[in-house]
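Everything below concerns the one structure shown next.
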Amino acid sequence: MANHPNDHSKSLDGLRARAEAAWQTGRRDLTAIPPEQLPRLVQDLEVRQIELELENEELRAVRASEDRYRGLAEQVFDGIFVADSQGRYVDANRAGCEMLGYTLDELKTLTIPDVVATDERLRLPEQFRRLAAGEIVRNEWRFRRKDGSIFMGELVGRQFADGRLQGIVRDITERRQEEAELARQAALLDLAHNAIFVRDREGRITYWNESAVRCYGWSRDEAMGHISHSLLKTRFPEPLERIIATLKGTGRWEGELVHTCRDGRIITVDSRWAIQHDAKGEGFRILEVNNDITERKRLERERQEEGRRKDEFLAVLGHELRNPLAAIYTAIHVLSGAPPPPSALRAKMEAVISRQTAMMRRLVDDLLELERITRGHIELKLDRQDLAECLQRAVAAMQQTVASRGQELLLRLPSESVHFMADGARLDQIIGNLLANASKYTGPGGRIELSGTKEGADVIVCCKDNGQGIAPEDQQTIFVPFARGRRHDESYGEASLGLGLPLTKQLTELHGGTIAVESGGVGLGSEFTVRLPLQAPPSDQQVELASKHAPSPRRAQSVVIVEDNPTVAETLMIALERAGHSVHSFADGSSALAGMSGLNPDAVLIDIGLPGMDGYEVATKLKHQDSTKHAICIAVSGFKRRREGDDFDQYFSKPVDVGALLDFLDQRT
Ligand code: ADP
């Protein structure tokens, strides 16, 4: 008969029960079992044996898994608590016990209300209600330790199906302290002028101060969480890994970074980084303090460029002064050599000296003039000007030069007469410089055109040539002192210091005007346009121009020179005596004051930088001395500018333009 599984199992159960009972009682008596059933029983027992082993295996696995979970629970920093449905503790991990300061056995005698601060107990009924409703609660509690001390804990709690309550508690005292500290620091950092931000170890921004908002343009909310280097498109001076290595090694890093702001501005910052490790030493954050030095860098670059230009200028100046000096030196050698040169040669040599000296004088004048304008010490002597006359004067002055170069100089006068207010001498300088450059930078046979018109309330003077032209990149820099354009092949051996155009520009601007250049580029000629207002702005320092009436015939005057440099004194004396004046000279102020009473001088030329009593004092004393108070006091100075409120009637810079001095003396008598 085929065994029905149920029959089989039923009979087996009976057999097994009996066998187990026998086994349990220790009788181990198998005689009660019919012998024919013994093989089945043995077989069944073997099956049972296997079953038991399997059960054991499962049990072990469950235990192992429980152990594993307990092990895990013991490893975590968070406290894990289990309480029964009444809130009595039934289990807790080690961290939980330590957190509260109880042993597990002690804890098992307590309930949840025992471990929270007294005033927190009021919150418990609500908490239990939420748990019972199946909610997983997450909130902060003030817990009380065994010793009565209180700590802040963050709780995640839930209720199991069997009613037990589980709570996982994290002590957040430190975190709260750090947050409070950070908030304190943040309040301070917001006061800083520097852009400051904090990055976590992933480089994400976790703090962004007020100055960072102003500097970069992103609000705090917009910046938070971004990788700072991506947001700011940081350009590093060295590989980032090296920077991080330095930072980790020394705790600090400093260097210059280039950042791109929200509006696309690119700025350079002086950046200082510091690393801050957290209390547990596991994580870190980087504090970055950035100072925007874009403007400083620009000024530095400008200063360097200016310094470079000045160095170059000094080199050129040395070179340019050497040429006329060499010519003068040679001419003097010829003049003073024996036998004396014939009169034609003599005249030629004298012309060389005169020309070369004039050139040197122009260079030095330009230099001093530029310096004076830069310091705001220039005096504009405004007077009514006739545009046509100004242009004609300038052309007349250049006629000989352009003719010697075979250049054509065309003058276009205004169709109607144009009058305007300007300083005549400065105007001559402005137009003269433009014409001189046009000729200097235009090859032989070239063409220069000077024109003047009135346009609205402005006077326009235009100087155009078909010469060497100006490269586009040079068209702005040529107005900067000492910045000469690209070297030209041809400038007729004339000095080139890069002073003429800056001076022209400054003088134009002093008149309230502008200057502009246009050139198609190298080889395509240039056109300079000066625009002056018909009515130049009044100047504080404006002085009335000395009368421009025709000079009266020269009258011999008594002139005294007070000058400590014997050569200067002697040459001036010769020049004045040749003009018919009677001249006396003194080497210092006191001897001049003492010796002058009987001379009854008409004019006294006084060097300002005298030994002992300076020129200002001498002038003042002269004006208070009866015998000299009517004399005209003329300052003669190399460097010093006229001092406000001094007692001089006129000021001449060294080297003195003798012609102008003689004219002045003539006009004053
Ligand atoms: P300098 O002539 O002594 O060099 P300027 O200040 O007068 O100084 O001129 C500056 C530069 O401008 C010159 O070196 C020259 O390169 C350029 N420049 C001025 N005027 C002209 C012009 N008419 N044609 C071509 N280049 C000119």
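For the stretch 396-434, the candidate set comprises residues that are within 16 Å of the ligand (Cβ to nearest atom) and in a strand (DSSP E or B); within that set, the residue that is farthest from ARG531 (Cα to Cα) is GLU408. Residues in the stretch 489-504 include at least one that is under 34 Å from the mean Cα position of the chain (by Cα) and at pLDDT 90 or above. Condition (residue is assigned to a helix (DSSP H, G or I) and among the small types (Gly, Ala, Ser)) applied to the stretch 201-210: is it met by at least one residue? No - not one qualifying residue is present in the stretch 201-210.
Does LYS464 satisfy the criteria of being surrounded by 18 or more Cβ atoms within 10 Å (Cβ to Cβ), within 12 Å of the ligand (Cβ to nearest atom) and modelled with pLDDT under 95?
On the way: surrounded by 18 or more Cβ atoms within 10 Å (Cβ to Cβ): yes; within 12 Å of the ligand (Cβ to nearest atom): yes; modelled with pLDDT under 95: no.
The answer is no for LYS464.
Of the listed requirements (1) open to solvent by 70 Å² or more (accessible area, probe 1.4 Å); (2) within 17 Å of ASP200 (Cα to Cα), ARG262 misses just one: (2).
For ASP607, are the conditions met, namely being in the same structural domain as GLU570 (by TED's automatic domain parsing), farther than 21 Å from ARG555 by Cα and touching a Leu at 6+ places or on another chain (Cβ under 8 Å)? So ASP607 does not fit the description; no.
Name the single residue that is most open to solvent (accessible area, probe 1.4 Å) among those in the stretch 277-300 being of a type in the set (Asp, Glu) and more than 13 Å from the chain's Cα centre (by Cα). Among residues in the stretch 277-300 that are of a type in the set (Asp, Glu) and more than 13 Å from the chain's Cα centre (by Cα), the one most open to solvent (accessible area, probe 1.4 Å) is GLU282. Just one of (1) open to solvent by 70 Å² or more (accessible area, probe 1.4 Å); (2) at pLDDT 85 or above; (3) within 21 Å of ALA388 (Cβ to Cβ) fails for GLU518. It is (3).
Taking the stretch 496-507, which residues are of a type in the set (Ser, Thr, Tyr) and surrounded by fewer than 22 Cβ atoms within 10 Å (Cβ to Cβ)?
SER496
When the stretch 77-110 is filtered for residues that are in a strand (DSSP E or B) and surrounded by 14 or more Cβ atoms within 10 Å (Cβ to Cβ), the ones remaining, listed by number, are GLY79, ILE80, PHE81, VAL82, ALA83, ARG88, TYR89, ASP91, ALA92. When the stretch 231-252 is filtered for residues that are open to solvent by 60 Å² or more (accessible area, probe 1.4 Å) and of a type in the set (Val, Ile, Thr), only THR250 remains.
Note on the stretch 150-190: residues that are part of a loop (DSSP other than H, G, I, E, B) and open to solvent by 80 Å² or more (accessible area, probe 1.4 Å) total 3. Looking across the stretch 440-455 at every residue that is surrounded by 19 or more Cβ atoms within 10 Å (Cβ to Cβ) and in contact with a Leu (Cβ under 8 Å, 6 or more places away or on another chain), the one that is nearest to PRO533 (Cα to Cα) is identified as GLY452. Looking only at the stretch 301-310, decide whether some residue is touching a residue at least 24 places away in the same chain (Cβ under 8 Å), part of a helix (DSSP H, G or I) and over 41 Å from the mean Cα position of the chain (by Cα). Within the stretch 301-310, not a single residue is touching a residue at least 24 places away in the same chain (Cβ under 8 Å), part of a helix (DSSP H, G or I) and over 41 Å from the mean Cα position of the chain (by Cα). Do any strands (runs of 3 or more DSSP E) entirely within the stretch 550-647 hold 1 or more residues that are closer than 30 Å to LEU370 by Cα, and if so, which? Correct list: 558-562, 603-607, 632-637. The sole residue among GLU55, GLU74 that is open to solvent by 70 Å² or more (accessible area, probe 1.4 Å), modelled with pLDDT under 90 and not β-branched (Val, Ile, Thr) is GLU55.
Could you tell me whether any residue of the stretch 435-446 is more than 12 Å from the ligand (Cβ to nearest atom) and either aliphatic (A, V, I, L, M) or at pLDDT 90 or above (or both)? Among the residues of the stretch 435-446, at least one is more than 12 Å from the ligand (Cβ to nearest atom) and either aliphatic (A, V, I, L, M) or at pLDDT 90 or above (or both), which makes the answer yes. Hey, any hits in the stretch 151-172 for a residue that's in contact with a Gly (Cβ under 8 Å, 6 or more places away or on another chain), without any contact (Cβ under 8 Å) to a residue 24 or more places away in the chain and of a type in the set (Val, Ile, Thr)? Looking through the stretch 151-172, at least one residue is in contact with a Gly (Cβ under 8 Å, 6 or more places away or on another chain), without any contact (Cβ under 8 Å) to a residue 24 or more places away in the chain and of a type in the set (Val, Ile, Thr). Restricting attention to the stretch 369-392, the residues that are open to solvent by 30 Å² or more (accessible area, probe 1.4 Å), outside any loop (DSSP other than H, G, I, E, B) and at pLDDT below 90 total 4.
In this entry, VAL198 passes the filter for residues that are assigned to a strand (DSSP E or B) and not assigned by TED's automatic domain parsing to the domain that holds GLU126. The set of residues in the stretch 130-149 being surrounded by 17 or more Cβ atoms within 10 Å (Cβ to Cβ) and in a helix (DSSP H, G or I) consists of LEU131 alone. Just one of the numbered conditions (1) in contact (Cβ under 8 Å) with a residue 24 or more places away in the chain; (2) at negative phi; (3) open to solvent by 60 Å² or more (accessible area, probe 1.4 Å) is not true of ALA594: (1).
Kindly evaluate GLY255 against the criterion of being open to solvent by 20 Å² or more (accessible area, probe 1.4 Å), out of contact with any helix residue (DSSP H, G or I) (no Cβ under 7 Å at 6 or more places or on another chain) and of a type outside the set (Val, Ile, Thr).
Numbers: open to solvent by 20 Å² or more (accessible area, probe 1.4 Å): no; out of contact with any helix residue (DSSP H, G or I) (no Cβ under 7 Å at 6 or more places or on another chain): yes; of a type outside the set (Val, Ile, Thr): yes.
It is false that GLY255 is open to solvent by 20 Å² or more (accessible area, probe 1.4 Å), out of contact with any helix residue (DSSP H, G or I) (no Cβ under 7 Å at 6 or more places or on another chain) and of a type outside the set (Val, Ile, Thr).
The values are calculated or read from the model by the stated rules, or taken from the named source; none is laboratory data. Note that the coordinates shown come from a computational prediction; the quantities given were computed from them, not determined experimentally. Heads up, the Cβs are rebuilt from the backbone with ideal geometry, glycines too, and the neighbour counts pull from every protein chain shown. Heavy atoms of the whole protein, side chains included, go into the accessibility calculation; ligands, DNA and RNA do not. Shrake-Rupley method; radii C 1.70, N 1.55, O 1.52, S 1.80 Å.
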